[in-house]
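What follows is a single structure, written as structure tokens, with notes after it.
The values are calculated or read from the model by the stated rules, or taken from the named source; none is laboratory data. Please read all numbers here as calculations on a predicted model, not as lab measurements. Note that each Cβ is placed from the backbone with ideal geometry, even for glycine, and that neighbours are counted across all protein chains shown. Heads up: the accessible areas ignore ligands, DNA and RNA and are worked out on the full protein's heavy atoms, side chains in. Shrake-Rupley method; radii C 1.70, N 1.55, O 1.52, S 1.80 Å.
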Amino acid sequence: MAASKPPEGDSLVKRLAGPSTGKAGLAQDQSEINRIIAEASKGSKFYENEKRKDEELTARINRLLEKRDSVIKGADLARLEKAADQILIDMEQKRDLSQIIVHVDADAFYASVEVMDNPELKGKAFGVGGGVLTTASYEARKFGVRSAMPMHIAKKLYPELIVVRCRFSRYSEVSKALMTVLQRYDPTMHPAGFDEAYLNITKYCRDHEMEAEECVQVIRDEVHKETGLTISAGIAPNKMLAKICSDRNKPNGQFKLPFDRRAIVSFMKDLSVRKVPGIGRVNERVLEAIGVKTCGDIYTQRAVITLLDHELGLHGLLHAHLGISSNVVEPPIREARKSVGVERTFSAVGDSTKLMEILENIAESLEEDCEQTGWAGKTLTLKYKLHTYEVFTRARSLDRYIRSKDDLFSIGSELLRKELPLRLRLLGLRLTQLKDLRDKGEKGIKRFFKDAGDEPPRKRNRLNDEEDDFAASMMEDDIEEIPMDEEDARLNGGTPNASPNRQSKKVSPNSKGRPADQDEETSDSRQRLVCPICSTSLLTDNDGFNAHVDYCLSRGAIAELATLGSQDDVGPITSPKKPPALSKSRAGSNPFLLSKKAK
DNA sequence: GCGGATCAC
DNA sequence: TATGGTGATCCGC
């Protein structure tokens, strides 16, 4: 596999003619799209940086393989497999299939909202965003336009592309309406960003004598009726599986995984490890190097993974293979916040005075955020990105909590001053070691009792030895507000909802549990298509196909360029100063998480 | 505690 | 025409 590069289908200069036409046409168009993206990226500093990172990763993988070869000598593989099998047995015994977890995901959320507010956009190829697209309508995706794509490349792919500016406050409104509906089915529902949420509908189904699928259908109908959104949903015994399942019949569909151990393991078997939350592009490559592309491969390679436990995280992978993760759904907890920061990108600046001005503005923004959210911090971290895209951070811990612009700027500028001169394209400040300014004295106590009265949200059943879910998600202005007290009101000064991007995060598992994805192996009303980039045969619907191609394009274009390795002129990028000692050999900066090993 | 790296959305 | 912003975690030092 890894049919890395088909003979470069240059011959297929089909142009992106009628994307709207059949799939066959689509495939060839995608090859051309890939070429266009590669062409537009080549020679840019961004590309050079991507190439550098790719080479570093390759070196890291080679070191890992060397270690494997070295350590595998004299190893008793049969014994290692047995040990892994025992761990699997233990994990299996703790598997909990008693909870009905649902992950709902709005389809092309921003684009859907824009269409609702402006019906003229319906059926049109348009993107949402500014210099970089945040979302692309389904029609635009057919031209290769996708989220996170720079505008200038999107325009090359489709010059007539309609661009709509982001309206976060509007998305926030619709998101709130969505969450309000979902909360009726699970008061402890956990929003995961503007357009996603986890629910535990076990109780609701029991109280209303409903089947899970029936219940979810009702939820989806109700959401559509009340918000105009179409959502997709996954139903499974834990969060990882539910998330994977919600993607299965997207858009506007739902999928329930059998609550059966064997069915689940079977489901995971052909699932790409990339679908497992927490396994990104880097770890995907690392795993592929040791022969693990699917969750089923994890079992096959369990001996080697055991040998490389430290680098790969045996437990997390074994959980993925079994399809086991946390099934605890709890609302976000304010106290869980760990940092607050502001960063800004700008066209390269080398003038120190100018940089200081930018930093001052950032300090001001951060002060505003601190006031609005009610946090102060003890450690300030400066982040800067050179015009070459290399990123660095410099931190300083204090003996007091700060949040005023003056403090932020005086300390931040001190950190920056020591690095100058620099030519930068981004500056940022972040506070950590936070103190909750709203949680003073009795107020905190009162809140505690208030919650206790409701019913202990804790579910504490099931297994996960790692319990994740800390819910970092803030969206405090959008979801379930903690009652404000006088101080809050003062701090907020009536500001509605400032900065855009205020979503927060979520689910992020910690170490272990993650879902996996499936790949198109199931049959249904799907079609069999061949991805023009990776040549994989896919049995999926149009959306699944697009998603797959999106992925191949995003990685493929850059990877291809890196391979072709055309050293370009690049020119004199003189950066005032090379940053501090950088990357040493960065040995195995370890991929996975893996908490303790409970072996 | 600090800095780098990875990940999610 | 020049590839985002916010937040979290893990690891090695």
What do you reckon, is residue A:196 open to solvent by 30 Å² or more (accessible area, probe 1.4 Å) and free of Cβ contacts under 8 Å to residues at least 12 places away in the same chain? no
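Yes or no, residue by residue, for (1) among the hydroxyl-bearing types (Ser, Thr, Tyr); (2) within 20 Å of residue A:243 (Cα to Cα); (3) part of a helix (DSSP H, G or I):
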position	(1), (2), (3)
A:175	yes, yes, yes
A:179	no, yes, yes
A:186	no, yes, no
A:194	no, yes, no
A:206	no, no, yes
A:210	no, no, no
A:213	no, yes, yes
A:216	no, yes, yes
Give segment A:338-352 a look and list any residue that's more than 14 Å from DNA strand B (Cβ to nearest atom) and part of a loop (DSSP other than H, G, I, E, B), or say none. A:350, A:351
For residue A:274, are the conditions met, namely being part of a helix (DSSP H, G or I) and either under 18 Å from residue A:63 (Cβ atoms) or away from DNA strand B (no atom under 16 Å from the Cβ) (or both)? no
Evaluate the following for residue A:98: is it free of Cβ contacts under 8 Å to residues at least 12 places away in the same chain, open to solvent by 60 Å² or more (accessible area, probe 1.4 Å), under 30 Å from residue A:315 (Cβ atoms) and over 25 Å from the mean Cα position of the chain (by Cα)? no
With the requirement that a residue be within 16 Å of DNA strand B (Cβ to nearest atom) and among the polar types (S, T, N, Q), what does segment A:142-178 give you? A:147, A:172, A:175
Qualifying residue in segment A:395-402 (condition: modelled with pLDDT of 95 or more and either within 13 Å of DNA strand C (Cβ to nearest atom) or in a helix (DSSP H, G or I) (or both)): yes
Counting residues that are at pLDDT 95 or above, which helices (runs of 4 or more DSSP H) fully inside segment A:48-149 reach at least 1? A:77-94, A:109-117
Please pick out the residue among A:106, A:84 that is under 20 Å from residue A:193 (Cβ atoms), surrounded by 20 or more Cβ atoms within 10 Å (Cβ to Cβ) and in contact (Cβ under 8 Å) with a residue 24 or more places away in the chain. A:106
Which count do you get for residues in segment A:353-391 that are of a type in the set (D, E, K, R) and away from DNA strand B (no atom under 16 Å from the Cβ)? 8
Filter result (of a type in the set (Phe, Trp, Tyr) and either away from DNA strand C (no atom under 13 Å from the Cβ) or open to solvent by 30 Å² or more (accessible area, probe 1.4 Å) (or both)) within segment A:359-391: A:389
